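Since the structure comes first, as structure tokens, the remarks are kept for the end.
The values are calculated or read from the model by the stated rules, or taken from the named source; none is laboratory data. Quick caveat, the model's predicted, so the values are computed rather than measured. For neighbour counting, all protein chains shown are included, and Cβ atoms are generated from backbone atoms with ideal geometry for every residue, glycine included. Note: areas computed on protein heavy atoms with side chains; ligands, DNA, RNA excluded. Shrake-Rupley method; radii C 1.70, N 1.55, O 1.52, S 1.80 Å.
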Amino acid sequence: MKKFVIFDLDDTLVDSIGGIDRWFVELTEQRALGPDGLAFLREEQQRPVSPAETFRAIVDRFGFSESPSELRQLFWERWPRLVRPVEGVPENLRALRGQGWRTALLTNGREDQQRPKMRDDLGDLFDVLCFAHDEGVSKPDPEAFRIVERRAATSLEGGWMVGDSLSDDIASAAALGMSTIWVSGGKELPDGGALPNEVVETVSEAFRILSSRCEAGV
């Protein structure tokens, strides 16, 4: 079994959605929006609309002095610092590396946006880091994966990809000959989409799969 694995970052290794909710709680406390205000923010997050529409709705609802774009900028400055690693991730990465695995991180976004999310020395636990937007590409573009391949000096074929996006992580990696683990977060696998090799609810289960396959030599 090839001991090479690429991980996604947001909502795979770190709880980005939880960071959004922490920002909502902070905003509610700072501006005395009350329980109803917090409920509105959480409901707004679930609406299937663009971020621009979400921030416009928030400004309109509370009469903030900022424009929607200014509020969005405040969010981007604060949110990455409220993101936390999923429980057990640093320990599991260290254990995986102790089994001889080479690990890579492939995430969309710029390094200055993504680094603050990587607490507990998370960045030190990868052999290769790729912040795709700094390279002028983004997943699911195969070139994003090829950049990791070149930096790792190994073929993607036979390696593993772990991520929460069926399109950006799973389908694109499978097309390059990688085995895949979809971190579903409890979502059902949709019909007609990409078919991962494994489906897990949390990344902790993905670590167990990789470790057990390694021990079994399959």
Open item on the list: I'd like to check something: does the range 202-211 contain any residue that is under 27 Å from Glu87 (Cβ atoms), touching a Lys or Arg at 6+ places or on another chain (Cβ under 6 Å) and open to solvent by 20 Å² or more (accessible area, probe 1.4 Å)?
Closed with: no
TODO: State which residue pairs qualify: first residue within 13 Å of Glu135 (Cα to Cα) and open to solvent by less than 20 Å² (accessible area, probe 1.4 Å) and inside the range 146-160, second residue assigned to a helix (DSSP H, G or I) and at pLDDT 95 or above in any location, beta carbons under 6 Å apart, and separation of 6 or more residues or different chains.
DONE: Ile147/Glu135
- [ ] Give the range 18-51 a look and list any residue that's among the aliphatic types (A, V, I, L, M) and modelled with pLDDT of 95 or more, or say none.
- [x] Ile20, Val25, Leu27, Ala32, Leu33, Leu38, Ala39, Leu41
Task: Hits in the range 105-127 - residues which are more than 15 Å from the chain's Cα centre (by Cα) and either open to solvent by less than 10 Å² (accessible area, probe 1.4 Å) or polar (S, T, N, Q) (or both) - done: none
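Yes/no matrix, rows are residues, columns are (1) in contact with a helix residue (DSSP H, G or I) (Cβ under 6 Å, 6 or more places away or on another chain); (2) over 16 Å from Lys2 (Cα atoms); (3) in a loop (DSSP other than H, G, I, E, B); (4) at pLDDT 95 or above:
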residue	(1), (2), (3), (4)
Arg150	no, yes, no, yes
Ser155	no, no, yes, yes
Ala173	no, no, no, yes
Gly177	no, no, yes, yes
Leu189	no, yes, yes, no
Cys214	no, no, no, no
- [ ] Can you run down the residue pairs with Cβ atoms below 8 Å, 6 or more apart or on separate chains, where the first is in the range 62-73 and modelled with pLDDT of 95 or more and the partner is basic (Lys, Arg)?
- [x] Phe62/Arg31; Phe64/Arg31; Pro68/Arg56
TODO: Give Thr28, Thr12 a once-over and let me know the one that is over 20 Å from the mean Cα position of the chain (by Cα) and open to solvent by less than 40 Å² (accessible area, probe 1.4 Å).
DONE: Thr28
TODO: Just name the residue that is nearest to Arg22 (Cα to Cα) out of those in the range 59-76 that are within 29 Å of the chain's Cα centre (by Cα) and open to solvent by 80 Å² or more (accessible area, probe 1.4 Å).
DONE: Trp76
